[in-house]
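**Q** The structure follows.
The values are calculated or read from the model by the stated rules, or taken from the named source; none is laboratory data. Note that the coordinates shown come from a computational prediction; the quantities given were computed from them, not determined experimentally. Because the Cβ atoms are built from the backbone with ideal geometry, glycine has one as well, and the counts that use them run over all protein chains shown.
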Ligand code: SF4
């Protein structure tokens, strides 16, 4: 629950505000860019919502915020915002909302599939929040939980217990320690079923992996994201905890695959044609090689 007494001075006057517990995860700025901005190391309200839709998105940010840092001075009915998650991004791909502080607000996703295609897939872990769990259950639960890397596993064990889903994670990121059911070894790509391909991409962490769904949707964890500033794909040099040269090398592996969507844990989502993505990926690799 956000504290009005601790509201940041950068907020404009009015109903919505951000307090000093904000960890600068970017979720609110992605969900409600007409309301929230980055003023340095934290977010604040730069413009109060004016329309019903802007208010809805600001309330969804409040629900998604990992630290409960967003508050309002007026009372709102937040049920619609609560029920909005998981929210559809495209076709059968959803953003779970309810980000977790333990994964620094990383985004997690749900692929909705019929049982005949293997059932639903959770990509990384949201917060184990009651309303979200209820909604996920109504949407068919999860058969599989793909964990891109050790930083974004949050409440994986609670979801695994609740839905009985098989978790997939790489050995090098401590999968055995976390009790994961399917442990991936080595660097070869591995098919989980007809539509799901696991591609190990060490760099951000030693055991980082991405997941390619139907050769269209690439779930990238903290390996690859869109840069609005540079208008191309990018990687995060300052958080290459394991090895930047390894991340640059493993990025090249993705040139062998087609994808139209990049869906990261941190950083911005991007959608473009497979050809455009290929060009952006080449740009990214060249930039990585120049960046020490
Ligand atoms: S979602 Fe919350 S923690 Fe993340 S930037 Fe916004 S206010 Fe800060």
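**Q** Out of the range 66-82, which residues are more than 15 Å from the ligand (Cβ to nearest atom) and touching a strand residue (DSSP E or B) at 6+ places or on another chain (Cβ under 6 Å)?
**A** If the condition is that a residue be more than 15 Å from the ligand (Cβ to nearest atom) and touching a strand residue (DSSP E or B) at 6+ places or on another chain (Cβ under 6 Å), then no residue fits.
**Q** Hey, another quick one. Report, ordered by the first and then the second residue, all pairs with beta carbons closer than 7 Å, sequence separation of six or more or different chains, a first member in the range 32-49 that is closer than 14 Å to residue 12 by Cβ, and a second member that is within 11 Å of the ligand (Cβ to nearest atom) and in a loop (DSSP other than H, G, I, E, B).
**A** 43/22; 43/24; 44/8; 44/11; 45/11; 45/35; 47/35; 49/35
**Q** Identify all residues within the range 6-57 that are part of a loop (DSSP other than H, G, I, E, B), in contact with a strand residue (DSSP E or B) (Cβ under 9 Å, 6 or more places away or on another chain) and near the ligand (Cβ under 8 Å from one of its atoms); write none if there are none.
**A** Correct list: 22, 24, 25, 26, 42.
**Q** Against the conditions (1) more than 21 Å from residue 218 (Cβ to Cβ); (2) out of contact with any helix residue (DSSP H, G or I) (no Cβ under 9 Å at 6 or more places or on another chain); (3) away from the ligand (no atom under 11 Å from the Cβ), where does residue 119 fall short? Just the number, please.
**A** The single condition residue 119 does not satisfy is (1).
**Q** So, residue 118, is that one closer than 28 Å to residue 246 by Cβ and at pLDDT 95 or above or not?
**A** No: the conditions fail for residue 118.
**Q** So, in the range 83-115, of the ones that are more than 13 Å from the chain's Cα centre (by Cα), more than 16 Å from the ligand (Cβ to nearest atom) and assigned to a loop (DSSP other than H, G, I, E, B), which residue ends up farthest from residue 28 (Cα to Cα)?
**A** 114
**Q** Strands (runs of 3 or more DSSP E) wholly in the range 177-292 with at least 1 residues that are closer than 26 Å to residue 154 by Cβ and out of contact with any helix residue (DSSP H, G or I) (no Cβ under 8 Å at 6 or more places or on another chain) - which ones?
**A** Because the criterion is at least 1 residues that are closer than 26 Å to residue 154 by Cβ and out of contact with any helix residue (DSSP H, G or I) (no Cβ under 8 Å at 6 or more places or on another chain), the strands (runs of 3 or more DSSP E) in the range 177-292 that meet it are 182-184, 196-200, 209-213, 217-221, 225-227, 261-264.
**Q** Does any residue of the range 260-273 turn out to be exposed (fewer than 15 other Cβ atoms within 10 Å of the Cβ), under 18 Å from residue 212 (Cβ atoms) and modelled with pLDDT of 95 or more?
**A** yes
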